[in-house]
Amino acid sequence: MPSLCPLPPAPCGSDSNGSVIASSASGTSGTFTTYTTANGLGSDTLNEIFVATDGGLGKWLGINFSNINTGNSGLINSTVRAIAQDAAGGLWIATAAGVSRYDPSAAAGTGWTKYQTAKGLAGNDISAIAIVPSN
């Protein structure tokens, strides 16, 4: 998969300590803090870290991010707002155009289900998602 940060003005990479270095369109300034799962950064049951971005779903590969977006997956929209994991290991991804569920145990290129108003959502612009455990 392509890198999450290939286009200027948003370069990214890591330093010799493995700390992630990123910038936004307004540049890099201030102090950076490195967060890992030890600091409470969320990860899935396989210890994979995913990040919601306006360019897709970033997946941490240990050195850099890969980008999961509408061009290389079944993701419904590349503006990702939130991510949650269900008890079966599926990722529920809230986007600006609905919800995508990804089943990581499915064969490569499959495992994507899309949900929009036609499947019962009240609206397609989703800003948060949570998994409520069943009793």
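Only the coordinates and a few stated rules stand behind these numbers; no lab work does. Keep in mind that what you see is a predicted model, and the values were worked out from it rather than measured. Neighbour counts are summed over all protein chains in view; Cβ atoms, including those assigned to glycine, are modelled from backbone coordinates with ideal geometry.
Set the Förster distance to 30 Å, then compute FRET efficiency between SER134 and SER66 from the Cβ-Cβ distance, nearest 0.05. The formula returns an efficiency of 0.40 here.
Here the extension length gained between ALA122 and ALA107 equals 2.3 nm, from 0.36 nm per residue of separation less the Cα-Cα distance. Look at TYR102, TYR115 and count the other Cβ atoms within 10 Å of each Cβ; fewest to most, that gives TYR115, TYR102.
Close amide H partners of ALA82, meaning residues 5 or more places away or on another chain with modelled amide H under 5 Å apart, are ALA94.
Neighbour counts of other Cβ atoms within 10 Å put THR79, THR70, THR110, THR95 in the fewest-to-most order THR110, THR70, THR79, THR95.
With neighbour counts taken as other beta-carbon atoms within 10 Å, the residues ILE131, ILE93, ILE49 rank, fewest first, as ILE131, ILE49, ILE93.
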